[in-house]
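To keep things clear, I will list the structure first and then write my remarks on it.
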Amino acid sequence: MTLKKRITYYYDEEVGNYHYGYMHPMKPFRMRMAHSLVTAYGLDKQMSVIRPPRASALEMTRFHADDYVEFLSRVTPEMAEQDSEHASVYLSVEDCPPFDGVFEFCSISAGGSIAGAKRINHGDSDIVINWAGGLHHAKKGAASGFCYINDIVLAILELLRYHQRVMYLDIDVHHGDGVEEAFYTTDRVMSVSFHKFGDFFPGTGHVGDVGVAKGKGYAVNVPLRDGIDDESHKGIFQPVMRMIMERFRPGAIVMQCGTDSLSGDRIGCFNLSMKGHAACVEFMKSFNVPLFCLGGGGYTIRNVARTWAYETSVLLGQELDPVLPYNDYYDFYGPEFRLEVPASNMDNANTPEYLDKIFATVAEQLRSVPHAPSVQMQEVPRDWPDSDGEDDDQELDANPESKLSRRQRDARVVPHTELYDTDADDISPNAYNPYRHSGTSSRPARGGLSK
């Protein structure tokens, strides 16, 4: 009997309220569209859906500089305009405008990624989804490329508390520079990026950029040219990732699923179909390693929503009707109203010879990477505390008839028995998983004693 994977999906309905600006290509509204499709297909009934806690400024400073987070917490469009010289230290106003509610938007994105990493650490989920995350360009002390807080780095830092090795995989059309830079000197994180390279933002990600010091060999860059299609992408993606999984053997995978690598994206220049993009997700799922899927780029919003809804179904192992069900944003998908993003007839500049050369270079790099990086085992430190409960006490005092506070209701995980039309014996939340955290001498794993 094959056990269903325990999947957690983070979504906050307020994420779609934020707006970078009328002419700005980044539209947080796309997350609301994707969620509407997820619910219209009934996928939410097959996984635990949780509203993420908001990340605090203190949690953000686990990676980001204190002065930058403090600035971000108080910046407004008016303040940035009055003190443009100071604002320019932290923000590129054209790409990263100080829009209303920017800090709250970041707290939703980062909160879901930190919380998702904790669920993997505690063995509560096999797969976690946070389409509001994946903001891979943000730097330690400044915003970059539409990204303000690097939720990916924060999630990986949390995962490293329990896992010896974590792999970061990026299939956005842009190089995952912010994440690579954060872990460029360590052998505990292998960052892997398949991206457009050349005269293209951010201009990093050469195949020869492999890390430094202890991290030498642990940054893997696969630079691609315009127009790569499903067949060419699969031909290099699967062999590279199979080799990496065999040599690095991560305890968890964080995958940035930016959809600007799709055909027809407003900013991208690749030619992947929806199914070609999702094939990367399905391939990584097949390794049966805890998998955390995040959003990222994607600027043709109807195609972003289609693809993330479809990839949610891939992670759930569900087939979907190609004819879109009626949903809150049905008119956006006309005139075809179908769950598909086809490739176009654009030229593919990635010749077989070029791809073979890139693969040979990456393979040679990986041969120098030992199978098990040297990381000493140590006791897992205590988790960062959640809310101290003071707000909960105040709410319960005001509403004594309520059994749960708002925060407790938001964090409630729906039992699997309420989500599946099967016998309880078929789905065991505590079923053995060889990749689950097995606990330490002082901190037993959940659901039993450590081995």
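The values are calculated or read from the model by the stated rules, or taken from the named source; none is laboratory data. In this text the structure is predicted, and so the values were computed from the model without any measurement. In this analysis, Cβ positions are derived from the backbone assuming ideal geometry, glycine residues included, and neighbour counts consider all displayed protein chains. SASA here: full protein model, heavy atoms, side chains in, ligands and nucleic acids out. Shrake-Rupley method; radii C 1.70, N 1.55, O 1.52, S 1.80 Å.
Element breakdown for region 128-287 at a 1.4 angstrom probe: carbon and sulfur atoms account for 49% of the accessible area.
Taking all protein chains together and rolling a 1.4 Å probe, residue 273 ends up with roughly 20 Å² accessible.
Per-residue accessible area (protein heavy atoms, 1.4 Å probe) orders 337, 270 as 337, 270, starting from the largest. Sparse packing (at most 15 other Cβ atoms within 10 Å of the Cβ) combined with a DSSP loop state is found for the following GluC sites (Glu not before Pro) in region 260-331: 319.
Here the label points at residue 140 and residue 336, each 7 Å from Cα along the C-beta direction, are separated by 4.6 nm in the simple model.
Sorting 23, 346, 274 on solvent-accessible area from highest to lowest, probe radius 1.4 Å, gives 23, 346, 274. Simple spin-label estimate for residue 367 and residue 344 gives 4.0 nm between the two label positions (7 Å along the Cα-to-Cβ direction from each Cα). Given the pairs 27/118; 118/139; 140/275; 4/45, which span a C-alpha to C-alpha distance of over 25 angstrom in this model? Pairs exceeding the cut-off: 27/118; 140/275. The portion of the accessible surface of region 1-114 made up by carbon and sulfur, rounded to a whole percent, is 52 (1.4 Å probe; DNA, RNA and ligands excluded). Per-residue Karplus couplings for region 25-35, computed as 6.51 cos²θ - 1.76 cosθ + 1.60 with θ equal to phi - 60°, are listed in order as x, 7, 10, x, 4, 4, 5, 5, 5, 4, 5 Hz, Gly and Pro entered as x. Note on exposure: 76, 259 ranked by accessible area (1.4 Å probe, complete protein assembly) read 76, 259, with the most exposed listed first. Residues whose amide H falls under 5 Å from that of residue 139, counting only those 5 or more places apart or on a different chain, are 144, with hydrogens built in the peptide plane.
Close amide-amide hydrogen proximity is noted between residue 220 and 191, 192, 193, each under 5 Å apart and 5 or more residues distant or on a separate chain (H modeled in the peptide plane; Pro and chain starts excluded).
Between residue 249 and residue 89, residue separation times 0.36 nm minus the direct Cα-Cα distance comes to 53.7 nm.
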